[in-house]
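Engineer: Pasting in a structure now, in C-alpha cells, and then I'll have a few things to ask.
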Amino acid sequence: MPVNIPTLETKRLVLRGPEPQDYPNFKSTFTSYRARFMGGPLNDYETWMLYAAEIGHWQIRGYGMWMIHDKETDKPLGMAGGWKPAKWPEPELAWIIWPETAGKGYALEATNVVRSYLYNTLGWETAVSYLDPKNLDSIRLAERLGAKRDPEAVSVDGNDVVYRHPSPARLKDTQLSHGIAMELANYADPLFKPKGFALD
C-alpha cells in the first residue's frame, strides 16, 4: 500500500514527497559538479535509478527525502530528509540544495523542520549525517545544527566523516534551538545579510 507522505511547512518552505515532475531539477543537479560529494556527477541512467530510489525509499522505510519548495512560487529548491539505504550503519539526516538556490539558508530551514519531524513524530532518538570531509559547507551546516563529529561511529565506506546530531532531549528548549530559530528569522528578513559563514 502506498505510504502517505506528510507535508511539512516552515515560514518560507513547503516540503513534499518527491514527484515525477521534480525529476528534471534533480537530474540537473546530480549530473553536475554539485554532486561531487555524493558520488557524482552521475550519468543519466544512474541519476534515474537514484531518483527511483528516492521515491521507493518512502515505501520501504516509511520515511525518506522531501522535495523542498519555495512557499510563494512552488519552485523546487533541493531535498532534505531521512535516508537509510542498504549498508547504511544508521539512519541519516541528509540534504542537498540545487546550485542556483544555494546561499539563502534553505538547507538550515529544511533540515531543522525535518529533524523535528523525525524526532517528535517518528520517535528517532538520534540521527547522524555522513559527510565528505572536503564538503566544508555541509560540515558547517551540521555544526550549526548542533551536530558534532563522532569518531566512534561507523562510517558508510571509510571515506566519510560522521556527525551526530543532538538527541531530542538535548535539543528541547535549549540555547541551540533558540539560536537556530533566531537565525532562521533573520534569513526571512531580506535586509539581513550575515557575514563570515556559509548560509546553507
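The values are calculated or read from the model by the stated rules, or taken from the named source; none is laboratory data. Everything numeric in this text was worked out from a predicted model, so none of it was measured. Cβ: placed from backbone, ideal geometry, glycine included. Neighbour counts: every protein chain shown. We work out accessible area using only protein heavy atoms, side chains counted, and drop any ligands, DNA or RNA first. Shrake-Rupley method; radii C 1.70, N 1.55, O 1.52, S 1.80 Å.
Engineer: So for the stretch 38-134: antiparallel DSSP bridges make up what percent, rounded to the nearest 5?
Structural biologist: Among the beta bridges of the stretch 38-134, antiparallel pairing accounts for roughly 90 percent.
Engineer: Let me ask you something else. For K75, K172, give the ranking by accessible area with the largest first, probe 1.4 Å. Intermediate results must be reported in sequence, preceding the final value.
Structural biologist: Details: K75 90, K172 160 Å².
Largest accessible area first, the list is K172, K75.
Engineer: Taking only Cα atoms and a 10 Å spring cutoff, compute GNM fluctuations for the chain and point out the largest among A53, A80, A94.
Structural biologist: A53
Engineer: Could you tell me what percent of the accessible area of the chain is made up of carbon and sulfur, with a 1.4 Å probe and every protein chain present?
Structural biologist: Its accessible area is 55 percent carbon and sulfur atoms.
Engineer: Treat the chain as a sphere of radius equal to its Kirkwood radius over Cα pairs and apply Stokes-Einstein at 20 °C in a medium of 1.002 mPa s; give the translational diffusion coefficient in µm²/s, rounded to a whole number.
Structural biologist: D, rounded to a whole number, is 125 µm²/s.
Engineer: Please list, in chain and number order, the residues 5+ apart from G17 or on another chain whose amide H is under 5 Å from its amide H, with Hs placed from the backbone.
Structural biologist: M67
Engineer: Just how large is the dipole of the chain about the Cα centre, in debye to the nearest 20, putting +1 at every Lys and Arg Cβ and -1 at every Asp and Glu Cβ?
Structural biologist: 360
Engineer: Which pairs in the list K75/K172; K71/K148; K87/K172; K27/K75; K27/K148 are over 27 Å apart, alpha-carbon to alpha-carbon?
Structural biologist: Beyond 27 Å: K75/K172; K71/K148; K87/K172; K27/K148.
Engineer: Give the ranking of T7, T101 by solvent-accessible surface, highest area first, calculated with a 1.4 Å probe.
Structural biologist: My answer, sorted largest first, is T7, T101.
Engineer: For the charge dipole of the stretch 12-112, defined by +1 on Lys and Arg C-beta atoms and -1 on Asp and Glu C-beta atoms about the Cα centroid, which residue among L50, I68, N112 has the Cα displaced farthest towards the positive pole?
Structural biologist: Checked the options; the winner is N112.
Engineer: Can you give the calculated 222 nm mean residue ellipticity of the chain, where each DSSP H run of n ≥ 4 adds -39,500 (n - 2.57) and the sum is split over every residue, rounded to the nearest 500 deg cm²/dmol?
Structural biologist: Mean residue ellipticity at 222 nm (helix-derived): -10000 deg cm²/dmol.
Engineer: Tell me, what is the per residue accessible area of the chain in Å², probe radius 1.4 Å?
Structural biologist: Numbers: 10580 Å² over 200 residues.
Roughly 53 Å² per residue, with all protein chains present.
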